[in-house]
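Reading through the structure tokens given below for one structure.
The values are calculated or read from the model by the stated rules, or taken from the named source; none is laboratory data. Owing to the predicted nature of the structure, the values given are computational and were not obtained by experimental measurement. Here the Cβ positions follow ideal geometry from the backbone for every residue, glycine too, while neighbour counts run over all protein chains shown.
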């Protein structure tokens, strides 16, 4: 009799384990139709996702990344709170300085890792160039985004989720930082985003028009990100310009360069993007 009971208990344990595996399958709808939490993830993008300058001068601080970081309440940590299976299974495949042209390569890394959730934040470097003329054409930008999403669509598990964040409002950075001597010094000395941030105190019509054109290019890039994500299908979520619309202050910006998010900026980016993403309750 005891042997029969023991066998029955083992069977129940196996059934429970299988059920747990089903519960945590990436992107698999549960009975209510909600998307469940993934077992692994990767982040694609540029220096913002790498946490550049968030914990020191001119180096990546991936632990502070809004997406996969462990030192802020990132997407990874929020998923971990609900699904311990993701522990240690996050990859930061972003590259500081990357533009949309690098997205397909990064997507290939995520595919090779077989991850079940991918975040994408890219495009700021396509607008933030040393001059306005060097900005990536909108049609080229869209083709590069489509190429990256195409790699993911062809290679990720069929139930994987993709999240695309909008590009931040770089004109707002100029607006809140132009009155700071330290910010102006950093922008000039480090050659940061001169397409937008050159001559920050100038009200000359040429400078005003230049800033407006760069701002418009960012708006157009974000429109292309939204359209490309929609074309990917229901397993891609765009943030509906949540990042672009966020009214950040200098308290969210690294004082090393007055451009990248500091730890507080990464934290608020994690909050904003999570609430716009596929797993928000």
If we take the stretch 132-213, then helices (runs of 4 or more DSSP H) inside it with 2 or more residues that are under 30 Å from residue 40 (Cβ atoms) and in contact with a strand residue (DSSP E or B) (Cβ under 9 Å, 6 or more places away or on another chain) are 138-155
Checked the stretch 160-176 for anything touching a helix residue (DSSP H, G or I) at 6+ places or on another chain (Cβ under 8 Å) and over 18 Å from residue 127 (Cα atoms); matches are 160, 162, 163, 176
Restricted to the stretch 241-267 and to residues being surrounded by fewer than 18 Cβ atoms within 10 Å (Cβ to Cβ) and without any contact (Cβ under 8 Å) to a residue 60 or more places away in the chain, the residue nearest to residue 162 (Cα to Cα) is 264
Scanning the stretch 30-67 for residues that are in contact with a helix residue (DSSP H, G or I) (Cβ under 7 Å, 6 or more places away or on another chain) and farther than 26 Å from residue 250 by Cβ gives 36, 37, 38, 39, 40, 41, 42, 44
message = Taking the conditions exactly as written (under 15 Å from the mean Cα position of the chain (by Cα), in a loop (DSSP other than H, G, I, E, B) and surrounded by fewer than 24 Cβ atoms within 10 Å (Cβ to Cβ)), does residue 67 satisfy them or not?
response = no
Of the conditions (1) assigned to a helix (DSSP H, G or I); (2) over 14 Å from the mean Cα position of the chain (by Cα), the single one that residue 259 does not satisfy is (1)
| said: Against the definition (farther than 30 Å from residue 259 by Cα, at pLDDT below 95 and surrounded by 19 or more Cβ atoms within 10 Å (Cβ to Cβ)), how does residue 20 come out, yes or no? | reply: no
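Taking residue 105, is it over 23 Å from residue 74 (Cα atoms), surrounded by fewer than 24 Cβ atoms within 10 Å (Cβ to Cβ) and within 18 Å of the chain's Cα centre (by Cα)?
Answer is yes for this residue.
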Query raised in the report: Based on what the data block shows, is residue 240 under 15 Å from the mean Cα position of the chain (by Cα) and not in a helix (DSSP H, G or I)?
Result: yes
